[in-house]
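Written below as structure tokens is the structure these notes are about.
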């Protein structure tokens, strides 16, 4: 048993109360890794109290419900955080009060937190890392758990277009074969969209501003989202649908989170590295898929300007290399 897998398993085995958290504004990988880990621990150790915490999202209800916890045992409970590189984005009350923390993440490292950190930024997803843990320890897996992890992997790679290695394909091949995953049914759950989101997608496509550098952006008004019957999470969930547009290298969707009084910027790229730019504004993520949350419109404008400049520099670099 690999030392990191053994260490994580031994910690899980030791604690009676376990909380599993992930980042705010969760996506299918965050839910898949979180819920699969909870289900596996409960399946292996039925006597343990295991809670999956954080905000729920109705469109991801196929993963199961998150748990409402009134009083956390910060001293004696174990907290496992998946799919979250920085402590500001952990979706749990008073995160820094927990004494015992494990971090499982596939993003480039931002903050150090947790007595044990399993970080592999070349992995496709947090779900891939959770599967590795389950597959290499005595933690149990059934078809439901395997399905949650497959959904997380397929979503975070955008059906194996991004962050996908031969290890990823080997892993999903084993999952499909061993646990008899019904891919067609699972894909319907992951990719089915309500009509309101299709209409929102049409609004974004028609209103998207594209500059001469190949940078596209849109600020999506709350009133527009509400008028179409959507919620804020819909904006984040459809950004990958704008990949492979010839005229666009980098694109950013800006929305305003009224509850937390923050501007939320989702960013994707087909060339320029964007996570280092996002990090300047207290955001981050992967080289070609990042996000920022900021309190000021001024920071949003500065961020968008930098992203446009990154497109310009990328195109100039391609020209010098004779790529065009």
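Summary table below
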{"quantity": "Condition check for residue 30: assigned by TED's automatic domain parsing to the domain that holds residue 8, over 17 Å from residue 291 (Cβ atoms) and buried (at least 21 other Cβ atoms within 10 Å of the Cβ)", "calculated": "no"}
{"quantity": "Residue that is assigned to a helix (DSSP H, G or I), in contact with a strand residue (DSSP E or B) (Cβ under 8 Å, 6 or more places away or on another chain) and modelled with pLDDT under 95, where the choices are 225, 133", "calculated": "225"}
{"quantity": "Residue list for region 88-105, restricted to those being closer than 16 Å to residue 4 by Cα and free of Cβ contacts under 8 Å to residues at least 40 places away in the same chain", "calculated": "101, 103, 105"}
{"quantity": "Members of region 168-181 found to be part of a helix (DSSP H, G or I) and either surrounded by fewer than 14 Cβ atoms within 10 Å (Cβ to Cβ) or in contact with a strand residue (DSSP E or B) (Cβ under 9 Å, 6 or more places away or on another chain) (or both), listed by number", "calculated": "169, 170, 173, 174, 177, 178"}
{"quantity": "Odd one out for residue 149, checked against (1) assigned to a loop (DSSP other than H, G, I, E, B); (2) at negative phi", "calculated": "(1)"}
{"quantity": "Residue 55 touching a strand residue (DSSP E or B) at 6+ places or on another chain (Cβ under 9 Å) and under 26 Å from residue 154 (Cα atoms)", "calculated": "no"}
{"quantity": "Qualifying residue in region 117-129 (condition: surrounded by fewer than 20 Cβ atoms within 10 Å (Cβ to Cβ), at pLDDT 95 or above, farther than 25 Å from residue 239 by Cα and in the same structural domain as residue 36 (by TED's automatic domain parsing))", "calculated": "yes"}
{"quantity": "Filter result for the condition that a residue is surrounded by fewer than 14 Cβ atoms within 10 Å (Cβ to Cβ), in contact (Cβ under 8 Å) with a residue 60 or more places away in the chain and either within 20 Å of residue 238 (Cβ to Cβ) or out of contact with any helix residue (DSSP H, G or I) (no Cβ under 8 Å at 6 or more places or on another chain) (or both), over 161, 195", "calculated": "161"}
{"quantity": "Where residue 54 falls short, out of the listed (1) loosely packed, with under 15 Cβ neighbours inside 10 Å; (2) under 29 Å from residue 232 (Cα atoms)", "calculated": "(1)"}
{"quantity": "Residue among 89, 59 that alone is modelled with pLDDT under 95, surrounded by 15 or more Cβ atoms within 10 Å (Cβ to Cβ) and either in contact with a helix residue (DSSP H, G or I) (Cβ under 8 Å, 6 or more places away or on another chain) or within 18 Å of residue 133 (Cα to Cα) (or both)", "calculated": "59"}
{"quantity": "Looking only at region 266-276, and only at residues there that are part of a strand (DSSP E or B) and touching a helix residue (DSSP H, G or I) at 6+ places or on another chain (Cβ under 6 Å), the one that is surrounded by the fewest Cβ atoms within 10 Å (Cβ to Cβ)", "calculated": "266"}
{"quantity": "Of the criteria (1) assigned to a helix (DSSP H, G or I); (2) under 21 Å from the mean Cα position of the chain (by Cα), which one residue 230 fails", "calculated": "(1)"}
{"quantity": "Considering residues of region 93-113 that are in a loop (DSSP other than H, G, I, E, B) and farther than 21 Å from residue 156 by Cβ only, the residue farthest from the chain's Cα centre (by Cα)", "calculated": "99"}
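Listed here are the residues, each with its yes/no results for (1) surrounded by 20 or more Cβ atoms within 10 Å (Cβ to Cβ); (2) in the same structural domain as residue 317 (by TED's automatic domain parsing); (3) free of Cβ contacts under 8 Å to residues at least 40 places away in the same chain.
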{"residue": "203", "(1), (2), (3)": "no, yes, yes"}
{"residue": "209", "(1), (2), (3)": "no, yes, yes"}
{"residue": "221", "(1), (2), (3)": "no, yes, yes"}
{"residue": "227", "(1), (2), (3)": "no, yes, yes"}
{"residue": "236", "(1), (2), (3)": "no, yes, no"}
{"residue": "241", "(1), (2), (3)": "no, yes, no"}
{"residue": "278", "(1), (2), (3)": "yes, yes, yes"}
{"residue": "289", "(1), (2), (3)": "yes, yes, no"}
{"residue": "301", "(1), (2), (3)": "no, yes, yes"}
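The values are calculated or read from the model by the stated rules, or taken from the named source; none is laboratory data. Quantities reported herein were computed from a predicted structural model and do not represent experimental measurements. Using ideal geometry, Cβ is built from the backbone for each residue, glycine included, and neighbour counts are taken over all protein chains shown.
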